Amino acid sequence: MTRAGLLLLGLAVGLAGTALHQSVLWLAVTALAAAAVTAATPPAHRLWWAAGFSLPPLAMSLPRGEGDVVLAGTGSLLLACLAALVLGIGLAGLLPAGRPAPQPQHEAPPPPS
């Protein structure tokens, strides 16, 4: 249920951002919402949120057969970059936890002669 909820929440925020991306204010609200949900989501489930959020903006950036560009302009590019960033953070959550850094090996002092 959590995964489906995160996917639907991501779709809702992504669709809202795609529909309102021409306004700087709403683009900022979309970015803040994306940052808040990304930070609040556990890393194991972050990909579901990221996929839902990224799907609408990146789908609208696909070329159309008629030659129309749905996402064009600075706001569109910022939204597409935000979608790619959130998707990258979601994919990074799948990586295993980092191993501790190896401790340097100190050589034993030479025996006294």
Checklist entry - For Arg99 and Ala40, what is the calculated FRET efficiency with R₀ set at 22 Å and r taken between the beta-carbons, to the nearest 0.05? => result 0.25
Checklist entry - What does the convex hull of the Cα atoms of the stretch 5-91 come to per residue, in Å³, rounded to a whole number? => result 78 Å³
Checklist entry - Based on the mean of other beta carbon atoms within 10 Å per residue, what is the order of 45-56, 76-87, 28-39, most packed first? => result 45-56, 76-87, 28-39
Checklist entry - On average, how much accessible surface per residue is there in the chain, in Å², for a 1.4 Å probe, leaving out ligands, DNA and RNA? => result 68 Å²
Next on the checklist: If I model the stretch 1-40 as equal point scatterers sitting on the Cα atoms and use the Debye formula, what is log10 I(q)/I(0) at q = 0.25, 0.32 Å⁻¹?
Outcome noted: -0.80, -1.05
Checklist outcome for this item: For His45, other-chain or 5+-apart residues with amide H closer than 5 Å (H placed, Pro excluded) are none
Next on the checklist: Below 8 Å between Cα atoms, with a sequence gap of 6+, how large is the relative contact order for the chain in percent?
Outcome noted: 32 percent
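The values are calculated or read from the model by the stated rules, or taken from the named source; none is laboratory data. This one's a predicted model, so the numbers in the text were calculated from it and none came from an experiment. Virtual Cβ from ideal backbone geometry, glycine too; neighbours counted across all protein chains shown. Note: accessible area is taken over every heavy atom of the protein model, side chains too, but ligands, DNA and RNA are not part of it. Shrake-Rupley method; radii C 1.70, N 1.55, O 1.52, S 1.80 Å.
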